[in-house]
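Structure record follows, encoded as structure tokens.
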Amino acid sequence: LTHLHYRVKTMNKITISNKDLSKGISAIYSAVDLKNVDKSLNHIKFSVSGSTLTLTGYNTELQLISTIPLYEMYEEFSFLIPARKFKELVSAIPDSADVSIHVNHKEMFHHTITYSGSRAKYKLVGVDPSSFPFIELNDKEDVIDLTVPASHFHYGLMAVSDFSATNDVRYFLNGVNLVITDNSI
């Protein structure tokens, strides 16, 4: 029997591979509302808990969440970081680099981003993480798990996508309506 012992990091600092961070940002970036006047909506929420980093992007219609495993245990903390600028910085460095993110809440929520393995050091101004809206789905009625082969889902979308508008002012016509029941879409 093997026991894993983690030493819990108490600082508001994490280290993660740039490849993992880049994948996580790409997974949620489409939900970030870059044009909204509410400053918190054009940020990505980072939440650290134990050995998991959770990234959340949100606009008024969609919330996307991506989780990334961390290789060390950390105390729980969260912060918001400007999405567009941070994505540009992350994409500018090689996937093989490690990224260190240090959060200093004493300086009006400044977030210092340090990329280890290179000489680059950036300081970005964040926003209070408590201002970030969050959709909570606690009812079993709100959550449906449905597994569909990707090829079937793709075929179904392709069959109806020609009938959706692209720039109609009636925004509800600009997509495809999915009706999900217990065993079908």
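The values are calculated or read from the model by the stated rules, or taken from the named source; none is laboratory data. Every value quoted in this text rests on a predicted model; they were computed, and no experiment measured them. Counting neighbours? That spans all protein chains shown, and the Cβs are built from the backbone with ideal geometry, glycine included. Surface areas here come from the heavy atoms of the whole protein model, side chains and all, with no ligands, DNA or RNA. Shrake-Rupley method; radii C 1.70, N 1.55, O 1.52, S 1.80 Å.
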- Message: Name the single residue that is farthest from the chain's Cα centre (by Cα) among those in the range 22-42 being open to solvent by 40 Å² or more (accessible area, probe 1.4 Å) and among the hydrophobic types (A, V, I, L, M, F, W, C).
- Response: Val37
- Extreme residue, farthest from Tyr122 (Cα to Cα), among residues of the range 62-77 that are within 15 Å of the chain's Cα centre (by Cα) and open to solvent by 30 Å² or more (accessible area, probe 1.4 Å): Leu62
- Message: For a quick check of your reading of the model, give me the residue pairs whose first member lies in the range 67-78 and is more than 15 Å from Asn12 (Cα to Cα), whose second is open to solvent by less than 90 Å² (accessible area, probe 1.4 Å), with beta-carbon atoms closer than 6 Å and at least 6 apart or on different chains.
- Response: Thr67/Thr52; Thr67/Thr54; Ile68/Asp20; Ile68/Gly24; Ile68/Leu53
- Query: Looking at the range 32-54, which of its residues are in contact with a Phe, Trp or Tyr (Cβ under 6 Å, 6 or more places away or on another chain) and either modelled with pLDDT of 85 or more or over 15 Å from Pro133 (Cβ atoms) (or both)?
  - Reply: Lys45, Phe46, Val48
- Query: Filter the range 150-170 for residues that are assigned to a helix (DSSP H, G or I) and exposed (fewer than 10 other Cβ atoms within 10 Å of the Cβ); which is modelled with the highest pLDDT?
  - Reply: Ser151
- Give the number of residues within the range 111-146 that are exposed (fewer than 15 other Cβ atoms within 10 Å of the Cβ) and either at pLDDT 75 or above or not acidic (Asp, Glu) (or both). 21
